[in-house]
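Colleague: Take this structure, written in structure tokens, and hold onto it; I'll ask about it next.
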Amino acid sequence: MNTFKKLHFWPAIALLPLAFTACNKDDDHNPPADKKTTITVENVLKSQPLVESGTFQGTGTPPVILPGQSVSIQFSAAKGEALSFATMYGWSNDLFFAPANPGIAVYDMKGMPIEGDVSSQIKLWDNGTRINQKPGATVNHPGTADTKNITEVKGMDAQGNTYLDASKLVKATLKYNGNSMFTLTLQNTSGGTANETPLSPGVWAVSYIVGGNLLNGAPLYTSGQPTANGLTNIAEMGDNAALYNYIKGITGIFTPLSPILVVVYNGIDNPIYKTGENDRGQGLRLLAQQGNADTLAAALKGMKGVKAVYVLPAPSTKVLLPVINGQAGSKVSQELSVGSGDRVAIATMYGFSNDWFFASAGNGVDAMQKGDISTSIQLYDDGTAVDQFPGAGITQFNLAGTPLQESKPIAAIPNPNAFTTLPAIQDIIHVTLQ
């Protein structure tokens with residue numbers, strides 16, 4: 001877990017607990033509540049390490065990519081993220097093309113998108129499960145079994161067969177489409193060479209980056225280690241189904257939650273936001289874009305009808321991390337003093353987004369009720385920053401970016417949305433009153 005202790009998602013000021021309890025502006029007119037309740041908020045998301053993954057193949061029957069043909073992969077990525085892929089050297093026993101881990105870099109050191117020929121990053125690999133024969137149309141599939149680790153083929157394999165550099169056989173061209181979206185085009189350029197070969201259907205993947213570290217820097221293979229997870233099916237037979245099923249199972253959502261804003265109020269509507277209206281300029285934008293709830297908390301403190309405001313950081317990491325490798329996600333609790341007619345509402349940032357936030361729907365919940373109130377939480381777009389694929393956006397604040405400003409009314413996030421399919425909200429954030 002040391003990786004996550006290095007996270008710098010929110011400014012230090014946002015990590016300090018604020019407790020504007022009861023506001024105590026006029027105790028004679030606002031007597032203390034006579035009951036205690038405790039609100040608990042937990043990040044229950046079963047996180048995944050890959051932000052995106054998919055397959056590619058040719059258009060013929062069988063769907064291989066013949067010399068002269070090409071195929072394209074469209075994906076999103078944040079700075080530090082990379083695209084990995086694997087496709088079989090068709091006329092071999094168990095060779096495959098793939099970039100060296102963690103994949104093809106798509107941003108330079110200054111954070112600028114890379115475009116153009118990136119073929120030099122593609123390598124040829126020996127899966128280690130078959131003894132190689134002279135490459136060509138007459139190669140004997142599957143050939144004699146072997147039990148070696150994955151190794152790079154650099155001009156010659158263990159049996160003395162020679163190969164051109166991978167960049168001479170497969171041309172890779174990267175194009176930036178804007179808004180953190182890219183297209184990688186793979187062209188089979190082996191025609192007329194000593195290593196002419198079709199390319200098989202393949203798979204591709206992009207890993208999340210968290211605290212400067214990729215959650216899975218080797219999603220498809222590891223050099224020097226035995227093949228695993230269905231890669232052999234690609235390397236020996238050009239069948240991408242097994243490996244895709246594996247990476248699909250580890251592709252999904254990863255997001256921390258920012259410090260939790262909790263407000264207790266009476267006689268007014270939900271003071272945090274209202275759908276259909278633009279951000280009020282009271283600090284919700286900072287919460288939704290950066291996870292900093294302090295400005296909004298201060299604004300709510302002085303609002304008529306607001307009885308108490310809290311900002312609850314996680315006890316150690318300062319953000320609420322999701323479930324990682326089976327280890328429970330973070331949670332925080334706060335004791336509240338509430339009376340008849342009081343309402344409770346919360347808000348917290350979807351950490352790996354441009355300006356999405358979880359919040360109590362409508363007018364919050366009755367502060368006197370007990371039990372699970374997770375169904376009262378919804379996910380909203382603050383409308384103040386241009387959206388990108390969550391966890392793969394170059395302008396997302398918590399991925400070292402600067403949000404691109406826009407001005408739209410606050411609206412619920414549809415599911416599925418333009419970028420991804422989310423789990424049920426209750427499978428991300430869990431809220432109880434006890």
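The values are calculated or read from the model by the stated rules, or taken from the named source; none is laboratory data. If you're wondering where the values come from, they're calculated on a predicted model, not measured in any experiment. For neighbour counting, all protein chains shown are included, and Cβ atoms are generated from backbone atoms with ideal geometry for every residue, glycine included. Heads up: the accessible areas ignore ligands, DNA and RNA and are worked out on the full protein's heavy atoms, side chains in. Shrake-Rupley method; radii C 1.70, N 1.55, O 1.52, S 1.80 Å.
Colleague: Calculate the translational D of the chain in whole µm² s⁻¹ from Stokes-Einstein, where the hydrodynamic radius comes from the Kirkwood formula applied to all Cα pairs, the temperature is 25 °C and the viscosity 0.890 mPa s.
Modeller: 103
Colleague: Taking +1 at the Cβ of each Lys and Arg and -1 at the Cβ of each Asp and Glu, which of Gly341, Gly351, Thr317 sits farthest along the dipole of the stretch 311-400 towards its positive end, judged by Cα position relative to the Cα centre?
Modeller: Thr317
Colleague: Given a cut-off of 18 Å, name the pairs among Lys79/Lys168; Lys79/Lys154; Lys35/Lys318; Lys35/Lys304; Lys123/Lys171; Lys46/Lys370 whose C-alpha atoms lie farther apart than that in the structure shown.
Modeller: Cα-Cα > 18 Å for Lys79/Lys168; Lys79/Lys154; Lys35/Lys318; Lys35/Lys304; Lys46/Lys370; rest within.
Colleague: D for the stretch 294-431, whole µm²/s, Stokes-Einstein with Kirkwood Rh over alpha-carbon pairs at 25 °C and 0.890 mPa s: what number?
Modeller: Reported coefficient: 147 µm²/s.
Colleague: Roughly speaking, what % of Cα-Cα pairs in the stretch 251-318 are separated by over 21 Å, rounded to a whole number?
Modeller: I get 30 percent for the Cα pairs in the stretch 251-318 exceeding 21 Å.
Colleague: Leaving out ligands, DNA and RNA, and with a 1.4 Å probe, what % of the accessible surface on the stretch 229-375 is carbon or sulfur?
Modeller: 46
Colleague: Order these peptides, 162-175, 225-238, by their mean beta-carbon neighbour count within 10 angstrom, highest first.
Modeller: 225-238, 162-175
Colleague: To continue, here is another question. Quick one: dipole size for the chain, taken about the Cα centre, charges +1 on Lys/Arg Cβ and -1 on Asp/Glu Cβ, in debye to the nearest 20.
Modeller: Dipole magnitude for the chain comes out near 400 debye.
Colleague: If you don't mind, there's one more thing I want to ask. Using C-alpha positions alone, give me the convex hull volume of the stretch 51-92 per residue in cubic angstrom.
Modeller: Here the figure is 100 Å³ per residue.
Colleague: Still on this model: Output needed for the stretch 218-288: three equivalent-ellipsoid semi-axes, defined as square roots of 5 times the C-alpha gyration tensor eigenvalues, in descending order, whole Å.
Modeller: Ellipsoid half-lengths, sorted descending, are 51, 13, 11 Å.
Colleague: In Å, what Rg and Dmax follow from the Cα atoms of the stretch 213-372?
Modeller: Here Rg and the maximum Cα pair distance are 21.7, 70 Å.
Colleague: Evaluate the Debye formula for the stretch 170-254 with equal point scatterers sitting on the alpha carbons, no solvent, and hand back log10 of I(q)/I(0) at q = 0.10, 0.13 Å⁻¹, in q order, two decimals.
Modeller: Results for the stretch 170-254 at q = 0.10, 0.13 Å⁻¹ read -0.35, -0.59.
Colleague: While we're here: Å³ per residue of the Cα convex hull, for the stretch 73-120?
Modeller: Working: hull volume 4.5 nm³, N = 48.
Given the Cα convex hull of the stretch 73-120, per-residue volume reads 93 Å³.
Colleague: Okay, moving on. Kindly write out, for the stretch 43-56 in residue order, the coupling ³J(HN,Hα) from the Karplus curve 6.51 cos²θ - 1.76 cosθ + 1.60 (θ = phi - 60°), rounded to whole Hz, with x marking Gly and Pro.
Modeller: 8, 9, 4, 7, 6, 10, x, 9, 7, 8, 7, x, 10, 8
Colleague: While we're here: If you place +1 on the Cβ of every Lys and Arg, -1 on the Cβ of every Asp and Glu, and leave all else neutral, what size is the dipole of the stretch 51-132 about its Cα centre, to the nearest 20 Debye?
Modeller: 80
Colleague: Can you list residues from other chains, or at least 5 along the same chain, whose modelled amide H is less than 5 Å from the amide H of Ile260?
Modeller: Leu312
Colleague: At 1.4 Å probe size, with the rest of the protein present, what percent of the exposed accessible area of the stretch 47-181 is carbon and sulfur atoms?
Modeller: Here it works out to 52 percent.
Colleague: Normalise the Cα radius of gyration of the stretch 57-190 by 2.2 N^0.38 Å (N = residues in it) and let me know the number.
Modeller: Values: Rg = 16.0 Å, N = 134, 2.2 N^0.38 = 14.1 Å.
After normalising by residue count via 2.2 N^0.38 Å, the value is 1.13.
Colleague: Jot down the per residue volume, in cubic angstrom and as a whole number, of the convex hull over the alpha-carbon atoms of the stretch 360-419.
Modeller: Normalising the Cα hull of the stretch 360-419 by residue number yields 120 Å³.
Colleague: Could you order peptides 298-311, 123-136 by the average number of other Cβ atoms within 10 Å of their residues, highest first?
Modeller: Highest mean packing first, the order is 123-136, 298-311.
Colleague: Another question about this same structure. When the solvent-accessible surface of protein heavy atoms is calculated with a 1.4 angstrom probe, in what order do Ser84, Ser407, Ser337 fall, highest first? Walk me through the numbers on the way to the answer.
Modeller: Working: Ser84 0, Ser407 90, Ser337 45 Å².
Solvent-accessible surface, decreasing: Ser407, Ser337, Ser84.
Colleague: Hey, what number do you get for the chain at 222 nm if only DSSP H runs of n ≥ 4 count, each worth -39500 (n - 2.57), divided across all residues, to the nearest 500?
Modeller: Only helices count here, giving -2000 deg cm²/dmol.
Colleague: May I ask for the Kirkwood hydrodynamic radius of the stretch 263-357, worked out over all distinct Cα pairs and given in angstroms to one decimal?
Modeller: Computed over Cα pairs of the stretch 263-357, the Kirkwood hydrodynamic radius comes out at 14.6 Å.
Colleague: Here's a follow-up. Compute the accessible area per residue over the stretch 239-328, keeping the other protein chains in place, probe 1.4 Å, unit Å².
Modeller: Heavy-atom SASA per residue in the stretch 239-328 reads 37 Å².
Colleague: Once the mean 1/r over all distinct Cα pairs of the stretch 104-253 is inverted, what Kirkwood radius in angstroms do you read off?
Modeller: 17.2
Colleague: Let me ask something else. Relative to the compact-globule scaling 2.2 N^0.38 Å, provide the ratio for the alpha-carbon radius of gyration of the stretch 348-391.
Modeller: So the Cα radius of gyration is 1.39 times the expected 2.2 N^0.38 Å.
Colleague: How big is the stretch 138-182 along each principal axis, measuring the range of its Cα positions in Å and listing the largest first?
Modeller: That works out to 48, 22, 21 Å along the principal axes.
Colleague: Could you quote the convex hull projected area for the stretch 323-403, Cα atoms only and averaged over all directions, in nm²?
Modeller: Spelled out: convex hull of the Cα atoms, projected over all directions, averaged, 7.3 nm².
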